[in-house]
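The values are calculated or read from the model by the stated rules, or taken from the named source; none is laboratory data. These numbers come from a predicted model, not from an experiment. Counting neighbours? That spans all protein chains shown, and the Cβs are built from the backbone with ideal geometry, glycine included. Areas reflect the complete protein model, heavy atoms only, side chains present, ligands, DNA and RNA absent. Shrake-Rupley method; radii C 1.70, N 1.55, O 1.52, S 1.80 Å.
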Amino acid sequence: QWSTPEIASYPWFEPFGIHLSFITDGLSLFFFFLITGFGVLVNLYAQWYMNSEDTSLKRFYSSMTFFIFFMLGTVFSVNLMVLFLFWELTGFASFLLIGYGYQSKKVVDSAKMAFLVTSLTGLALFAGIILLSQIYGTFEWTTIVQNKSLFLENRQLAQIIIFLFVIGIFGKSAQFPFHFWLPNAMVAPTPVIAYLHSASMV
């Protein structure tokens, strides 16, 4: 049932408290259908839109597949460090897709800008995750949400964590004041714009 979360966890970097923990619940399954549903539709559209004689099509579809996989990893992750890893990998896949037509300097510059902004703001998210783990002694989100009072007791640190999370989220989703990279990213092929930079994905 969607209302009953199921968690699968596998040891990874145990000394650092990092486990490959993934959850299936109503929210993660909703995003699963959203990500894969639009992904399939956009890839079908790309069959007609992209030039069939383009020798780089394998690179295009591989990058699109990577992006979809990394997005799914992000929404299913329970361990915040694993979530952050997938979060940054979506930025890398986005860089490859925006820079698909790398023969153009404008395309390369736009891809670099998007990658730098999302990666640097991602460091704020990383710092927030580290500080959150200092409060709770774990990176496991399911454990963290079970003791909300502990977060409120550390009010000053909690405010810093929220601020760092907001920077990371605003940077990735191109919200003000980090919105400037998105118009430049429109140099990507139309299927990329339709999927990566659509309102549904953001």
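Give me the residue from region 149-159 that is surrounded by 16 or more Cβ atoms within 10 Å (Cβ to Cβ) and of a type outside the set (A, V, I, L, M) and, out of that set, farthest from residue 74 (Cα to Cα).
Selected residue: 154.
Are any residues in region 79-104 β-branched (Val, Ile, Thr) and over 14 Å from the mean Cα position of the chain (by Cα), and if so, which ones?
Across region 79-104, the qualifying residue is only 98.
Can you name the residue in region 166-195 that is of a type in the set (A, V, I, L, M, F, W, C), in a helix (DSSP H, G or I) and open to solvent by less than 50 Å² (accessible area, probe 1.4 Å) and, of all such residues, is farthest from residue 120 (Cα to Cα)?
194
Suppose the filter is on the phi < 0 side of the Ramachandran plot, surrounded by 15 or more Cβ atoms within 10 Å (Cβ to Cβ) and of a type in the set (Lys, Arg); does residue 58 pass it?
no
Could you check region 68-148 for helices (runs of 4 or more DSSP H) lying wholly inside it with 1 or more residues that are more than 17 Å from residue 192 (Cβ to Cβ), among the aliphatic types (A, V, I, L, M) and open to solvent by 40 Å² or more (accessible area, probe 1.4 Å)?
80-98, 105-136
Given the structure, is residue 36 open to solvent by less than 90 Å² (accessible area, probe 1.4 Å), out of contact with any Ser or Thr (no Cβ under 8 Å at 6 or more places or on another chain) and part of a loop (DSSP other than H, G, I, E, B)?
Answer is no for this residue.
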